[in-house]
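Peer 1: Below you will find the structure I want to go over with you.
The values are calculated or read from the model by the stated rules, or taken from the named source; none is laboratory data. Treat the numbers as computed from the prediction; the structure is a model and nothing was measured. As a convention, Cβ positions derive from the backbone with ideal geometry for all residues, glycine included, and neighbour counts pool all protein chains shown.
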Amino acid sequence: MDGQPVISLRGATATLGSRPVLRGIDLTVRRGEVVALLGANGSGKSTAVRAIVGQVPLTGGELELFGTPRRRFRDWARLGYVPQRTTAAGGVPATVGEVVSAGRLARTKLGIMRKADREAVVRALELVGMADRIKDSVDALSGGQHQRVLIARALAVEPELLIMDEPMAGVDLASQEVLATALRAQVERGATVLLVLHELGPLEPLIDRAVVLRDGCVVHDGPPPEAVGQHALPGHDHVHPHAGPAAEPIRTGLLS
Amino acid sequence: MDILDFAFMQRALLAALVVGITAPAIGTFLVQRRQALMGDGIGHVALTGVGLGFLLNTSPVWMATAVCVVGAVVMELIRSYGKARGDIALAMLFYGGMAGGVMLMSLSSSGSNANLTTYLFGSITTVSQQDIVAICVLAAFVILATLGLRRQLFAICQDEEFARVTGLPVRLLNLLIAVTAAVTVTVAMRVVGLLLVSALMVIPVAASQQIARSFAMTFALAIAIGVLVTVSGTTLSYYVDVPSGASIVLLAIGVFVTLTVLATPLARKRARQAAAAAEDGCTLTVPDARRPADDVRV
């Protein structure tokens, strides 16, 4: 890997309340890389990502984005962010188009949406297969569709760096595949991606490198870890037994 | 239209019109971020400003604006920093503001309980020439802020964390919302009264939500409903001699109930459309349960 670093985190420490959550993390993501941040619940992977986007203050260490110290970084239009488990529904109804347009603000002047901006919003929705729902209220969406809208919101700015916190959590299988396709398109056009994941799942083939956290420290930084246990058995190809639409109705013989 | 022959009614209708626009405009953002009762809190604090205005013999509207802005900024700081026991701090602010107002009013020579009542419940026909100038200037600020920055305000009210990562000056915009809400309270204070201010920020938005599906539609319709109820409520209070504030709020509730009833068939229609749009409906046929009427012989 010889691309220039897009994210550079050195010796980062952070606390939540009085509890140390990050205890000296080094993480470098280079241009064009797809890096998965893995770890158990409470390992600090979400905190690490939230520190990178400036939601959690670092108590020590250094952070650079695109080679600029975080404190002086202003070029937010280069970055697309998908927060964890937020709901796009507020106290007032909003359409899919309105929510995704909010992601385009960083590229607009004074928030005025020009033709190019509206086209970018439609393109982002096409990437996640939701363009036909642009006028629908976000309240009417399923969990997976909701997540697709939040990802479109991050893509609307046409970012060079995409940061996603658990994009697959609570997402149905069909939406997971749509998201994997959307992500592949981003990688092909040269985007850099940092993902927090609970398990590699359908994104596994896309991932160049995995960084595993445990108790706020990096314990693995390299190729994605080999699957172990049940998942490592030959023949386990992550096909789950969902009946296709053409499948025969189940006949139990009890009623006929 | 003999109603327009009187200068005081012209002023009253103008005040009603700008309140009908401004209160739902900022109210939409407050409801969106689930701070529907913030206007009520600011209304309590405003009373101290009114009392101070009487005590110092200055304009109660401007004094209330100053105190409201300070109060709203303190509330916003409590909201964004003091996560622990924020509700207690807010309660102190609300009731302190109310008690302070009553106390200051009783200390001043020109203040009386009758005066207090006109600020608490509104007295649109006593709006003076100076009042109407102040109301229009303040309303212009509110309209500029809420319309001009609607996309930015929408983004921070929808998802503050995401808005920060898009580079928006979130802290500044949050303060702007607080200040705009404070200014709106003082704009509406003479028309509906401090105790009913919040109603005009919330009820038109709630009514509009019954039929709107987008934020833009909710925003526009809430303003239309706001103007409708403030102007008709004021006109009603001229002909029937009832208090303007109470008429306006009751009319707003009437609109809310009407739209809720009208929206029920609309919601059903939308549900049917959604069901028709879903192509991959259930294709698996479930066999009927066996009933005694079937050919079961015992």
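Yes/no per residue for (1) surrounded by 23 or more Cβ atoms within 10 Å (Cβ to Cβ); (2) over 12 Å from the mean Cα position of the chain (by Cα); (3) in contact (Cβ under 8 Å) with a residue 40 or more places away in the chain:
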{"position": "A:151", "(1), (2), (3)": "yes, no, yes"}
{"position": "A:154", "(1), (2), (3)": "yes, no, yes"}
{"position": "A:159", "(1), (2), (3)": "no, yes, yes"}
{"position": "A:166", "(1), (2), (3)": "no, no, yes"}
{"position": "A:184", "(1), (2), (3)": "no, yes, no"}
{"position": "A:188", "(1), (2), (3)": "no, yes, no"}
{"position": "A:204", "(1), (2), (3)": "no, yes, no"}
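For (1) within 14 Å of chain B (Cβ to nearest Cβ); (2) more than 30 Å from residue A:43 (Cα to Cα), each residue gets a yes or a no:
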site: A:116; (1), (2): no, yes
site: A:136; (1), (2): yes, yes
site: A:158; (1), (2): yes, yes
site: A:170; (1), (2): no, no
site: A:197; (1), (2): no, no
site: A:201; (1), (2): no, no
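Peer 1: So which of A:23, A:31 is within 22 Å of residue A:207 (Cα to Cα) and either of a type in the set (Phe, Trp, Tyr) or surrounded by fewer than 21 Cβ atoms within 10 Å (Cβ to Cβ) (or both)?
Peer 2: A:31
Peer 1: Where residues in region B:210-225 are over 19 Å from residue B:152 (Cα atoms), assigned to a helix (DSSP H, G or I) and free of Cβ contacts under 8 Å to residues at least 24 places away in the same chain, which of them is farthest from the other protein chains (Cβ to nearest Cβ)?
Peer 2: B:224
Peer 1: Same structure, new question: Tell me which of these residue B:195 doesn't satisfy, since it passes every other one: (1) part of a loop (DSSP other than H, G, I, E, B); (2) over 26 Å from residue B:44 (Cα atoms).
Peer 2: Among (1) part of a loop (DSSP other than H, G, I, E, B); (2) over 26 Å from residue B:44 (Cα atoms), the lone unmet condition for residue B:195 is (2).
Peer 1: Restricting region A:95-110 to residues that are of a type in the set (D, E, K, R) and more than 7 Å from every other protein chain (Cβ to nearest Cβ), which is surrounded by the most Cβ atoms within 10 Å (Cβ to Cβ)?
Peer 2: Looking at the filtered set, the residue picked out is A:104.
Peer 1: Among the numbered criteria (1) farther than 28 Å from residue A:92 by Cα; (2) modelled with pLDDT of 80 or more, which single criterion is violated by residue B:215?
Peer 2: (1)
Peer 1: From B:180, B:166, B:186, which residue is surrounded by 24 or more Cβ atoms within 10 Å (Cβ to Cβ), of a type in the set (Ser, Thr, Tyr), at pLDDT below 90 and under 16 Å from the mean Cα position of the chain (by Cα)?
Peer 2: Exactly one of B:180, B:166, B:186 is surrounded by 24 or more Cβ atoms within 10 Å (Cβ to Cβ), of a type in the set (Ser, Thr, Tyr), at pLDDT below 90 and under 16 Å from the mean Cα position of the chain (by Cα), namely B:186.
Peer 1: Can you tell me which residue is modelled with the lowest pLDDT among those in region A:48-88 that are crowded, with 18+ Cβ neighbours inside 10 Å and in a loop (DSSP other than H, G, I, E, B)?
Peer 2: A:88
Peer 1: A follow-up question, please. Restricting attention to region B:17-33, and to residues there that are within 14 Å of chain A (Cβ to nearest Cβ) and not β-branched (Val, Ile, Thr), which single residue is surrounded by the fewest Cβ atoms within 10 Å (Cβ to Cβ)?
Peer 2: Ranking the qualifying residues of region B:17-33, first place goes to B:33.
Peer 1: So which of A:152, A:180 ends up being of a type in the set (A, V, I, L, M, F, W, C), over 23 Å from residue B:158 (Cβ atoms), in contact with a helix residue (DSSP H, G or I) (Cβ under 6 Å, 6 or more places away or on another chain) and in a helix (DSSP H, G or I)?
Peer 2: Result: A:180 is the single residue among A:152, A:180 that is of a type in the set (A, V, I, L, M, F, W, C), over 23 Å from residue B:158 (Cβ atoms), in contact with a helix residue (DSSP H, G or I) (Cβ under 6 Å, 6 or more places away or on another chain) and in a helix (DSSP H, G or I).
Peer 1: Have a look at B:165, B:170 and point out the one that is within 14 Å of chain A (Cβ to nearest Cβ), touching a strand residue (DSSP E or B) at 6+ places or on another chain (Cβ under 7 Å) and among the hydrophobic types (A, V, I, L, M, F, W, C).
Peer 2: B:165
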